[in-house]
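Only one structure is covered here, and it is reproduced in the block below.
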Amino acid sequence: MSTLSLIPTHSHPHYTASMSPAELQAMRAHAQQNPEGFWLEQARRIHWHRKPTQGFRGSFEGDVSIKWYDDGHLNASVCCIDRHLTARGDQVALISHREGRPGAEQITYAMLHERVCRLANALTDLGVEKGERVAISLPMISEAVVAMLACARIGAVHVVLFGGFSAEGIAERLMDSGAVLVITASEARRGNKTIPFKQTMDDALLKCGQNCTVKSVLVVRTSDAAVPMLPGRDYDYHDFVDGFEPDFVPVVMPAEAPLFMLYTSGSTGKPKAVVHATGGYMVWAAYTMGMVYAQKPGDVLWCTADVAWITGHTSVVYGPLANGGTTMISDSLPNAPHAGRWLDLIDDYKVTMLFTSPTAVRAMMADGDAVVQAHSLETLRLLGVAGEPISSDVWMWYHDVIGRGKCPVADTWWQTETAGVVLGPVPGAQPLKPGSASTPLPGLDLALADPQGRIQENSAEGSLCIARSWPGQARTIWRDHERFCKTYFSMVPGFYFTGDGARRDDDGYYWITGRMDDVINVAGHRLGTAEVEDVLATDHRLLESAAVGVPHPVKGQALVVFAIARKNVTAQPTEAGIKRMVADALGRYAMPETVYLVPDLPRTRSGKIVRRLLRKIASGEIENFGDLSTLTDQEIVQTICNFVQEKH
Ligand code: WTA
């Protein structure tokens, strides 16, 4: 990349950096020379009941074992709340904005403490024990944050489930996790749509049937609409919880006790739950958020991610609260009731740090500059993105138009499995390159491997790997450690394999080139194409299908499905029916953009579908297919092209 597009360190005088370039350099060097000492020092960012004396113990070889701060004891809710009570009990911890209601709730650390303690008492009263799983399926309302922290307080493991999942998807996750209690809402409004949280949960619980482990359901009433309640199982959240004591002695946990698990998609099979451990995760959340989003008193951080994603865990809840900052949530849409809605909220609540997805930035860009110009946005001092690639032109628009050229833009690369930022700048302490996720944070040792698994030095391109463990690394896949070892540690032995490709330039900056497996990223939502194909395989009218991701101007990628209908079935499947089937089985977020019913698919002689060709055709590239000699039937390529062209 040419240095022309380099944004130097000193070009944002409005932003006060948390450290100087020299201090950052020194920190990198120290972390490199003495990783054990470095990570023990970072552990001091959080409160421990018993301080750890060890950093990492374990190995990426064989039966992979990852342990951090193993002799330490702590409680994550204490790190996020109690430790701040004396110094800033009256400071706002959480701003909770609800669309259609005036103002926003300003919840101080002292108020958060009370609410978390009441719920911790209620959960205990309902028989939830430490180590047991509690599923949380809520819109972006304050109870979501309280619920996570209350689980942490009693040592229960939370499993936050996305409101966009189907009943089927929720049922699978409830059974897999063995959740004993569910916290959900009656419904949520998104623009002019109503999302029936409780109804979907009831359907999911019914689907679990004999395998249902859930004993109680707490329901936050989010509107006046009547919602059916099952006596003995369902409780009105506030009627039940608000009567409990506002104090609860935290259950002190060993560092390696699981804090939460989170389902995410991989290239094969069903979504898997990655497990994060309390001590390492908390240090990591405080460290990564402290490095990239160094909040000062008065800073309001608004990370727009849904709490059901890893960004919602680390950048909405655990990171900002561990660091004693103010975090904001809102259940609003970026463009309803009008374009620029999120910009109103930035002005209304004096947001100083905005952290969103490239999809949201592209959507704001599509609304036009005039919408942005109509807002002050003068409180903003830092902008961030994560979750998907951001091109240099969108990065520049974010920087120039939203940030008015005075805020650094931090593009951060991370994953559910890394739990926090791996690649990202320390704003103000290093130059920025639009379109690059910058450099590894101090203490992280990244590597690029060639197709033979050989590690490349200097500027190079390859599969992105991490050479040494970091405190926030996922410890295992729930009930499937073998899959954990195979997915992440067998591709390049001795290294954690991220699944992404990347290029490293002469300055050591990384440029993510995209997933190397069959995982696609639709508007920041990770989706395995195999999940979609598995759904379609259950329809007897379909012989076979292939799902691929294609570039999309706003969502980054869109899902396209090619399906072969069986001959001689009475009711032929329709393209609209296939879309609905996928959305019903996985959730609305997985609804294919386009479906093509085709007579066959391109295959190699060994029968493997050539997805590379399908991706090309679906993206509208219908020429220069390269060598087709390995296909069993070359004509099918032209036939499929004709189908695609006919539709456009
Ligand atoms: C992609 C989201 C390019 C990547 C935090 C990764 C990115 C997957 C970036 C993880 C970025 C995340 N630039 N691609 N800055 N950040 N990704 O688990 O493919 O939902 O593997 O975590 O998103 O998605 P996940």
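The values are calculated or read from the model by the stated rules, or taken from the named source; none is laboratory data. Here the structure is a predicted model, which is why all the values come from computation and not from measurement. In this analysis, Cβ positions are derived from the backbone assuming ideal geometry, glycine residues included, and neighbour counts consider all displayed protein chains. Each accessible area value is taken on the protein alone, full model and side chains, heavy atoms only, with ligands, DNA and RNA left out. Shrake-Rupley method; radii C 1.70, N 1.55, O 1.52, S 1.80 Å.
The lysines whose alpha-carbon is closer than 17 Å to the alpha-carbon of Lys647, local same-chain residues fewer than 8 away aside, are Lys579, Lys616. Amide H contacts of Ala188: Ile195, Phe197, each under 5 Å away and 5 or more positions distant or on a separate chain (H built 1.01 Å from N in the peptide plane; Pro and chain starts excluded).
How large is the Kirkwood hydrodynamic radius of segment 252-322, in angstrom, based on all distinct alpha carbon pairs?
On the way: mean 1/r = 0.0751 Å⁻¹.
Hydrodynamic radius (Kirkwood, Cα pairs) of segment 252-322 is 13.3 Å.
Please compute the length gained on full extension between Lys647 and Leu126, using 0.36 nm multiplied by the number of residues separating them and subtracting their Cα-Cα distance.
Numbers: separation 521, 0.36 × 521 = 187.56 nm, distance 5.54 nm.
Separation in residues times 0.36 nm, less the Cα-Cα distance, equals 182.0 nm.
Think of a 1.4 Å ball rolled over the protein heavy atoms: segment 1-126 then has 50 Å² of accessible area per residue.
Before I look further, what does segment 454-566 give for accessible area per residue, probe 1.4 Å, in whole square angstrom? Could the numbers behind the result be given before it?
Working: 4490 Å² over 113 residues.
Per-residue accessible area for segment 454-566 comes out at 40 Å².
With a sphere of radius 11 Å drawn around the Cβ of Ser216, what net charge do the other residues whose Cβ falls strictly inside it have (Lys, Arg +1; Asp, Glu -1)? Intermediate results must be reported in sequence, preceding the final value.
Numbers: positive: Lys215, Arg233; negative: Asp125, Asp234.
Within the 11 Å Cβ shell, the charges total 0.
A compact globular protein would have a Cα radius of gyration near 2.2 N^0.38 Å; the ratio found for segment 212-310 is 1.48. Other residues lying with their Cβ under 13 Å from the Cβ of Ala31 contribute a combined charge of -2, Lys and Arg counting +1, Asp and Glu -1.
A straight chain from Thr538 to Ala225 at 0.36 nm per residue would run longer than the Cα-Cα distance by 109.1 nm.
Compute the normalised compactness of the chain: alpha-carbon radius of gyration over 2.2 N^0.38 Å, N being the residue count.
0.95
Cα centroids of segment 538-559 and segment 595-648: 14 Å apart. Ligands, DNA and RNA left out, the accessible area of segment 533-648 computed with a 1.4 Å probe is 50% carbon and sulfur. For segment 430-510, the carbon plus sulfur part of the accessible surface works out to 48%, probe radius 1.4 Å.
Here, P(r) means the percent of Cα pairs in each 10 Å bin from 0 to the largest distance; for segment 178-228 it is 24, 50, 22, 3. If the chain linking Met19 and Arg483 were pulled fully straight, counting 0.36 nm for each residue of separation and taking away their Cα-Cα distance, it would gain 163.0 nm. Taking the square roots of 5 times each eigenvalue of the Cα gyration tensor of segment 84-141, largest first, gives ellipsoid semi-axes of 25, 18, 9 Å.
Calculate the length of the line joining the C-alpha centroid of segment 388-416 to that of segment 337-367, in whole Å. When both Cα centres are located, 13 Å separates them.
Out of segment 32-90, which GluC sites (Glu not before Pro) are coil in DSSP terms and have no more than 13 other C-beta atoms within 10 Å? The qualifying sites are Glu61.
Checking the a/c ratio against 1.5 first, then a/b against b/c, what shape does the Cα gyration tensor give for segment 50-181? Judged from the Cα gyration tensor, segment 50-181 comes out oblate (a/c at least 1.5, b/c at or above a/b). Sparsely packed loop sites in segment 573-648 (the GluC sites (Glu not before Pro) outside DSSP H, G, I, E and B with at most 14 other Cβ atoms within 10 Å) comprise Glu621, Glu623. The modelled label-to-label distance for the pair Lys270/Asp600, using points 7 Å beyond Cα in the direction of Cβ, is 3.5 nm. Computed across segment 10-110, the Kirkwood radius stands at 17.6 Å (inverse of mean 1/r, all Cα pairs).
Taking other residues whose beta carbon is less than 10 angstrom from the beta carbon of Ser545, and scoring Lys, Arg as +1 and Asp, Glu as -1, yields -4.
Excluding ligands, DNA and RNA, what is the solvent-accessible area per residue of segment 327-415 at a probe of 1.4 Å, expressed in Å²?
In whole numbers, segment 327-415 has 31 Å² accessible per residue.
Beta-bridge orientation, the chain: approximately 60 percent antiparallel, per DSSP, counting only bridges with both partners inside.
At 1.4 Å probe size, with the rest of the protein present, what percent of the exposed accessible area of segment 339-401 is carbon and sulfur atoms? Whole-percent figure for carbon plus sulfur exposure: 56. Listed as lacking a disulfide-compatible partner in the chain: Cys79, Cys80, Cys117, Cys151, Cys303, Cys407, Cys465, Cys485, Cys641, by the criterion of no other cysteine Cβ under 4.7 Å. Could you pull out which residues in segment 485-509 have an amide N less than 11 Å from a spot 7 Å beyond the Cα of Asn458, following the Cα-Cβ vector? Hits in segment 485-509 for Asn458 at 11 Å: 506. Cα centroid separation, segment 148-213 to segment 64-104: 23 Å.
For segment 129-191, the list of trypsin sites (Lys or Arg not before Pro) that fall in a loop by DSSP and count at most 16 other C-beta atoms within 10 angstrom reads Lys130.
Modelled this way, with points 7 Å down the Cα-to-C-beta line, the labels at Leu206 and Asp445 are 5.5 nm from one another.
Straight-line reach from Lys67: taking Cα to Cα under 19 Å and skipping same-chain neighbours fewer than 8 places apart, the lysines in range are Lys51, Lys486.
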